[in-house]
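Report on the structure given below.
The values are calculated or read from the model by the stated rules, or taken from the named source; none is laboratory data. Because the structure is a prediction, the values reported are computed rather than measured. FYI the Cβ positions are ideal-geometry reconstructions off the backbone, even for glycines, and counts take in every protein chain you see.
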Amino acid sequence: MAVPIRYNIRNLKLRKGQTCMTILGVALTVAAVMFLAALRAGLNRAFVHTGDPLNVLVLGKGADSEIASDIPHEALQILRTLPGIATNSKGEPLVSGELVLVILLPREDGLSEANVTLRGTSAQGIELRPGARLVRGRWFNPGQRELAVGAALQKRFARTAIGESVQFGKGPWKIVGVFDASGSAYDSEIWSDVNQITSDYTTAQPSSVYMRATDSAAADALKHRVSDDQRLQLDGMLETEYYAEQTKSGAPIKFVGLTVAIIMGIGSCFAAMNTMFAAVANRRREIGTLRLLGFSRASILASFVLESLLIVVIATALAILVVMPFNGIMTGTSNAATFSEVVFTLQMTPSVMGTALLFGLIMGLTGGFVPAWRAAHQSIVGALRA
Amino acid sequence: MTTASVAPNTSIATTDLPAVAVRNVTKVFRRDSIELKVLDDVSIEIGNGDFVALMGPSGSGKTTLLNLIAGVDRPTAGDLIVSGYNVFALNDGQAARWRNQHIGYVFQTFNLIPVLTAFENVELPLLLTTLSPSQRREHVIAALRLVGLEDRMKHLPRQLSGGQEQRVAIARAIVTDPTLILADEPTGDLDSQSATEILEVLKRLSQQFGKTIIMVTHDPRAASYAHIIRHLEKGRLLSNDGNR
């Protein structure tokens, strides 16, 4: 039979000061881990949720991003004729040759600038992205120097409201609409008419081509047909595959996050261990008495490990309460593949909370085990003399 | 004839055996390079139902002998049979179970768990039995009633007087109906009146319930409550006429 859990709970209450300090220390570590995990989840979501599995993206051979890709105009014409491409209500093939560039915009605080992705697209390009919805204003008109701005990007950069102008290429461009792309990478972009942008950058060829397949089998066939055609010298991939690869831009966050988490975790382990060592030292005589009454070493060990785990469970709950308000807060990072800013939101998912709890439990187990072992294995006679 | 077995090959038929048989027990403590012989070839037999007071000056080995009998320490040499068990042949887990079933211990400093109520303290040994919660409750109330503290069962130790704490400790010691009660200076931290109350309880346990009690004390007044008084001096048990 185990030592009653009320023994542990009441002892935690008895030493409120020390217990609270340990809980706060552990909570801080768990909160930091949660925050970093939420950043990573948000970044993953921005990319993983980008794209439609029926869209096939074509890049220049060997290009790993649209920015670094060129597609000859002739190839675009060939791609339009490939079998398996869906058509819109007007019977037009859903194929969009797009030009992707990077422009510099001032941030909202006006203190710095950052690269932003500018996408020249078409009506078909908008059509094969049904997740992008216009929320204010209107889409740009073909042949006009007009822009539609991603809603997330608009919140982070200055002078991106409807009616404002942005200067790039050969002159000003007017913002006429704001679109919401459901938290995908497109939320971090500015869109305009591909032909108008191409005319500003006269040497530019399309960066990429997007094609909507009729079904998943056709998408797969299209992808391989493009890649295997030696004449075209192009690479085909599913749009979702392309953006999933972009999560590599989160590698610095992941590395920093993991390093910080490990360092703080080790610190918190020692904090928990210190608290438990103090608890064991203060309760030596009680432990000796319990052993004399017949409680086994295993039950004493379990009792003190449980006490350590109680601390971290409370700390984790506190951390979740503290960090939850940050759920959905917007931030950004630089995408190493596109050299431009990716805006995303912190995502406090059940998986993030589960990770935090597991991290906390490992800390509690690690921090509590050694003192618990010592408690269970001390000599009864020595303990009773304490 | 009854046999109670905590572990195979460690129990002995109990019918004609004394409650405690200590045979040529020696205990040596080693502190750095210094050896301290705390018990030197001690032999003693205590019969069932005896109330024995073990007296001696500080450092004579009284508590050490009590700890050996309780199975919480091991001798350097010698044998010890308690309630039919070769105590030193038990491993740690077996010894713990054996103590729970056969030994009730009363400490000088009471050793109640501060965060548990009187009821919960007395219930502790019963948590290691197979009794149901309602059965445990019955036993606890009976034990507290016997020591006259049924009305204090929800009090924490800090809400009790010294004498009341010691009575709760005695209730805890007897709640499993152990074969043997060991009391180490049970009145050492008490005032005269409280001490008398405690000694009266122990006397009642001996006379009315036939419990075998070994009480370590340096107080002649406390010792007078026992049937038998034995003296330890420098680790050696004096004969009943005071000689070694």
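Worth a mention:
- Sole residue being out of contact with any strand residue (DSSP E or B) (no Cβ under 6 Å at 6 or more places or on another chain) and at pLDDT below 90, chosen from A:Ala46, A:Ala38, A:Ala27, A:Ala31: A:Ala38
- In the stretch A:322-332 there is at least one residue that is among the hydrophobic types (A, V, I, L, M, F, W, C) and assigned to a loop (DSSP other than H, G, I, E, B).
- The residues of the stretch B:33-73 that are acidic (Asp, Glu) and part of a loop (DSSP other than H, G, I, E, B), listed by number, are B:Asp50, B:Asp73.
- Condition check for B:Ile198: within 14 Å of chain A (Cβ to nearest Cβ) and touching a strand residue (DSSP E or B) at 6+ places or on another chain (Cβ under 9 Å): no
- Listed by position, the helices (runs of 4 or more DSSP H) enclosed by the stretch B:141-229 that each have at least 1 residues that are within 16 Å of B:Leu112 (Cβ to Cβ) are B:162-174, B:192-207.
- So A:Ala2, is it over 19 Å from A:Ala317 (Cα atoms), touching a Leu at 6+ places or on another chain (Cβ under 9 Å) and surrounded by fewer than 20 Cβ atoms within 10 Å (Cβ to Cβ): yes
- Within the stretch B:95-120, tally of residues that are of a type in the set (Val, Ile, Thr), touching a residue at least 60 places away in the same chain (Cβ under 8 Å) and surrounded by 20 or more Cβ atoms within 10 Å (Cβ to Cβ): 2
- Residue among A:Lys61, A:Lys16, A:Lys90 that is basic (Lys, Arg) and in contact (Cβ under 8 Å) with a residue 60 or more places away in the chain: A:Lys61
- Qualifying residue in the stretch B:179-198 (condition: of a type in the set (S, T, N, Q) and under 18 Å from the mean Cα position of the chain (by Cα)): yes
- Scanning the stretch A:282-312 for residues that are farther than 14 Å from B:Asn111 by Cβ, at the interface with chain B (Cβ under 10 Å from one of its Cβ atoms) and of a type in the set (Ser, Thr, Tyr) yields a total of 2.
- Annotation note: of A:Leu301, A:Leu293, A:Leu321, A:Leu346, the sole residue that is hydrophobic (A, V, I, L, M, F, W, C) and closer than 17 Å to A:Asn11 by Cα is A:Leu301.
- Applying the condition of being assigned to a loop (DSSP other than H, G, I, E, B) and touching a strand residue (DSSP E or B) at 6+ places or on another chain (Cβ under 6 Å) to the stretch A:54-66 and asking which residue is surrounded by the most Cβ atoms within 10 Å (Cβ to Cβ) yields A:Glu66.
- Some residue of the stretch A:145-156 being part of a loop (DSSP other than H, G, I, E, B) and under 21 Å from A:Ile67 (Cβ atoms): no
- The condition of being farther than 30 Å from B:Pro57 by Cα and within 10 Å of another protein chain (Cβ to nearest Cβ) holds for only one of B:Thr109, B:Thr130, that being B:Thr130.
- Criterion violated by B:Lys211 - all others in (1) under 22 Å from B:Leu116 (Cβ atoms); (2) more than 14 Å from chain A (Cβ to nearest Cβ) satisfied: (1)
- Residues that are of a type in the set (Ser, Thr, Tyr) and over 19 Å from A:Phe277 (Cα atoms), drawn from the stretch A:1-60: A:Thr29, A:Thr50
- Residue that is surrounded by the most Cβ atoms within 10 Å (Cβ to Cβ) [pool: residues in the stretch B:185-229 that are basic (Lys, Arg) and out of contact with any Ser or Thr (no Cβ under 9 Å at 6 or more places or on another chain)]: B:Lys203
- Scanning the stretch A:128-156 for residues that are buried (at least 17 other Cβ atoms within 10 Å of the Cβ), of a type outside the set (A, V, I, L, M, F, W, C) and modelled with pLDDT of 90 or more turns up A:Arg129, A:Gly137, A:Arg145, A:Glu146, A:Gly150.
- From the list B:Leu182, B:Leu124, B:Leu160, B:Leu156, the lone residue that is within 11 Å of chain A (Cβ to nearest Cβ), surrounded by fewer than 21 Cβ atoms within 10 Å (Cβ to Cβ) and at pLDDT 95 or above is B:Leu156.
Table: residues versus (1) more than 23 Å from A:Leu59 (Cα to Cα); (2) assigned to a strand (DSSP E or B); (3) touching a residue at least 60 places away in the same chain (Cβ under 8 Å).
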{"position": "A:Gln77", "(1), (2), (3)": "no, no, no"}
{"position": "A:Leu99", "(1), (2), (3)": "no, yes, yes"}
{"position": "A:Ile103", "(1), (2), (3)": "no, yes, yes"}
{"position": "A:Pro106", "(1), (2), (3)": "yes, yes, no"}
{"position": "A:Asp109", "(1), (2), (3)": "yes, no, no"}
{"position": "A:Leu118", "(1), (2), (3)": "no, yes, yes"}
{"position": "A:Gly125", "(1), (2), (3)": "no, no, yes"}
{"position": "A:Gly131", "(1), (2), (3)": "no, no, yes"}
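- Among the numbered conditions (1) under 27 Å from the mean Cα position of the chain (by Cα); (2) in a helix (DSSP H, G or I); (3) crowded, with 17+ Cβ neighbours inside 10 Å, the only one that A:Ile190 does not meet is (2).
- Candidates in the stretch B:21-73 are the residues that are of a type in the set (Gly, Ala, Ser) and within 14 Å of another protein chain (Cβ to nearest Cβ); of these, the one that is nearest to B:Gln94 (Cα to Cα) is B:Gly71.
- Scope the stretch A:1-15; condition more than 7 Å from chain B (Cβ to nearest Cβ) and in a helix (DSSP H, G or I); matching residues: A:Ile5, A:Arg6, A:Asn8, A:Ile9, A:Leu12, A:Lys13
- Residue in the stretch B:81-94 that is touching a strand residue (DSSP E or B) at 6+ places or on another chain (Cβ under 9 Å), buried (at least 22 other Cβ atoms within 10 Å of the Cβ), within 13 Å of chain A (Cβ to nearest Cβ) and in a loop (DSSP other than H, G, I, E, B) present: no
- Residue that is surrounded by the most Cβ atoms within 10 Å (Cβ to Cβ) [pool: residues in the stretch A:157-187 that are outside any strand (DSSP E or B) and basic (Lys, Arg)]: A:Arg159
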